[in-house]
Structures are given as C-alpha cells and as structure tokens.
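Everything below concerns the one structure shown next.
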Amino acid sequence: MLTAKRLSQLHDILRQPAAPFCEQHVARCVSNMLDQAGVPHFHDPFGNLVVGVASETAYRQRLQKRDDEPVRIFIAHMDHPGFHGVRWLAENRLKIKWHGGSPLKHLSGAQLWLADAEQRLTTGKLTATLRKPQLLKAGWAIDHAEVVIHPSVHSKKGISLKQQYPGKKAQQLFGSFSFRSDVWMSGKRLYTRAADDLVGVFAIVSTAIDLHRRKDAPFIGLLTRAEEVGFVGAVSHFDLGWMQAARRPLVCVSLEASRTLPGAIVGKGPVVRLGDRRTPFDSGALQVLTALAEKTLPGRYQRRLMDGGACEATAATAWGLPTVGITLPLGNYHNQGFEGGQDCPKPEGPAPEFVHLDDIDGELRLCRALMRKGLSWTDPWSQTRSRLRKNAKNYKALF
Ligand SMILES: [Zn+2]
C-alpha cells in the first residue's frame, strides 16, 4: 500500500493548477519534492522536466554508456485540458480559448478555477463560472467561451478580480473546471480535477525517489508539457536528438490514465497497455512487461488495447523508440461525466476524474519491477519459443 508520505505527495501534486503550456505549478511542486529527496533533475529547452539526471551532459552520458541494460525512459505529462485568458470583455468577464478535450454538455454556469503563474486566484473571495461556451466546428471540445468572476457568497459584494489583482493581464490567466475540492477520497476511490496525468507524474517522482540511492540506475523520467494538444512537449524533446545519440538500447514507458473501457475497469489493477488509438506498441518490450505484471500482480492487473485516446507512446513510436504503456483506468476522462459519481450532477456534464488507490499501488509496483536488472529485454520470446517447441515435439509422431 501507499505510505502516508507517498499519499500526501500524491495529494500535493493533484492540488496544482495545470493547463496545456501552463505547467509551472506542477513543475515547481515536483522539483521541490525531488530536491528534498536528493534526486537530480533539470528543465530541457522546452520546459519539460527531466528527472534522474542533473543536466543535458549527464543525460547524454547515461545514454552513451555502453551497456545491454536499456535505459527506461518513463514519460508522463504535467498538463490537463483547460483554458487560457484571451482578453477582458468587462471588469469581471474574461474571453477564453480552450485547449484539449472537454465535456460537451451542461457547460453554462459550470464552476471553474483560475490561476496565474504564481498563484490560484479563485480562492476564498472569488469564484468563476463558464458562460456562452462555443464548441469547435468538429464538435469534440470547447473552442472558446467567457469566464465570469464573482465575489463568493461569503465575501462582501463588489470585489472585482481587477481590484483584487491590479494589473493582471488576460493572457496571464488560465484555468479549468473546479469541484468541491482539488482531491478527495471516497473509500479507495480518489476523486480529483486532473488524475490524467498527474497520477502518472506522481508515479515517476515516486519511482525516482525509490531509485535515488542506486547510482547510475538506467532510469530517466520525462515530465512533459502540452500533451493534450498533440504531445507538443514530448515531440519537442524527441526532436532535440538526445535520444537518437544513444549507444545502448532504450525503452520508453508511457504512464497514463485513460478512459475506462470493457476489460479496463477502475479498481481491477493497472493496465498493461498494448496500444492506443493510433498504434500497437513494441511487442518484445510488451512481452517483458506482461511477464513482470504476471509475477508482480497476479490476478491484479489488466491487459488491453486502450483505444479510447492516443498518448505520448504514439509520439515515441513515431520517433522510432521502442515503447510500452502502463495506464490507470480512469473515470470521467477529461472531466466528462461518463461514469458519474460524486460532484457529477448531470450525465456527461463537467465531473471530477476518478481513479482507484489499488490501481495506483499496482502501477508503482510495476514501475519498480521494470527497473530490475537482467530482465529479458534482448530475447523476450525465449520462454515462449521453448514452450512452443516442446509442444511441437509432442506432436512429432503425427507429422
Ligand atoms: Zn493523458
């Protein structure tokens, strides 16, 4: 089970505001945790947070060391769908542009949070709601809308955002849907604004902290930006060419939370992700991961193609990197109330995402298991071959 310390770290990460290109709160929170644990980390030129090495030089050295052990590159994204401020329409009314997926129904009047690079603005005295939402032409998400900022019921009338925060420019603001709290538990179910993909971020931080005494562990964590608008942070990182200069094998492990599907049920264990909507993943590395899951979590993991969405594993695959995925079954994907539950008054309206603590625990175990030395990366099919050979031998007489 997750220790109390780990659970409080998870909650801390889940409390951070985040939207595509506005991941500074998450990055700061994670950097502090890593500093406290003595885990090296740095920002690449695009602001992706690289974990486990202190600099570009150390990153290159790890990948250039001649070794059969592949470097495991764990990838998760720090953003979640949300909006950016565009311009002030009035003292307390902001035009916004949405980035990434979103609920499509029951949007008018939905509660929002609003933040800038330094702080959350909708706390205590101010609340915000959505007004006049317009969907994209293709119809799969909000395109633009207005945000109305009100004094909260507990405060004096007439407080405006501009009075509260003079000089605040519209483009400095970002936000998304808000609920009774940033994170809360109901039994083992964890409700939160953005499990996708802040739980993946937590899993990488947690794995890095567990590993930090193992000098030269073949590990790199890549916490990316702007995944929700086409893996922009990951693509920019891959295009740096650092990975292509490797002199040893690499394997990317995408950690995601994705829409629950038949065979990928919340609470039944983490999912060995065979592929996403765009592509199947690397068959050899999946064989290693499946064998590990069978040993580490017998009967407590799931395995399927998660084709409800694409993920950074698609980008890694397109850049020629062998890739696998571990994903948490996720309720109310991208805050669309598909599965209902608490704080989801109307089906398919705005809703908190939810995941299960046992699934998170299973994911952490799998991440740790993937770091074991001497796994069969170079010949993952040898056991399968000998089993099939033995079977074929038994049938020799029938040839
Ligand atoms: Zn995601």
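Here, each number is a calculation from the coordinates, and none is a lab measurement. Owing to the predicted nature of the structure, the values given are computational and were not obtained by experimental measurement. All Cβ positions, glycine included, derive from the backbone under ideal geometry; neighbour counts span all protein chains shown.
The table below gives the values:
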read-out	value
Alpha-carbon Rg/Rh ratio, for the stretch 93-178, with Rh computed the Kirkwood way	0.98
Relative contact order, percent, the chain [alpha-carbon distance under 8 Å, six or more residues apart]	21 percent
Between the stretch 4-20 and the stretch 308-348, the Cα center-to-center distance that results, in Å	18 Å
Cα-based shape type of the stretch 237-345, given that a ≥ b ≥ c are square roots of the gyration tensor eigenvalues and the cut on a/c is 1.5	oblate
Pairs from Lys5/Lys105; Lys5/Lys215; Lys97/Lys168; Lys373/Lys396; Lys215/Lys295 whose Cα-Cα separation, in the structure shown, is over 28 Å	Lys5/Lys105; Lys373/Lys396
Separation between Cα centres of the stretch 31-53 and the stretch 224-291, rounded to whole Å	20 Å
Antiparallel DSSP beta bridges within the chain, as percent of all bridges there, nearest 5	70 percent
In nm, spacing of pseudo-spin labels at Thr57 and His144 (7 Å Cα→C-beta vector)	4.8 nm
Long-range amide H partners of Ser178 with built H, under 5 Å	Gln111, Leu112, Trp113
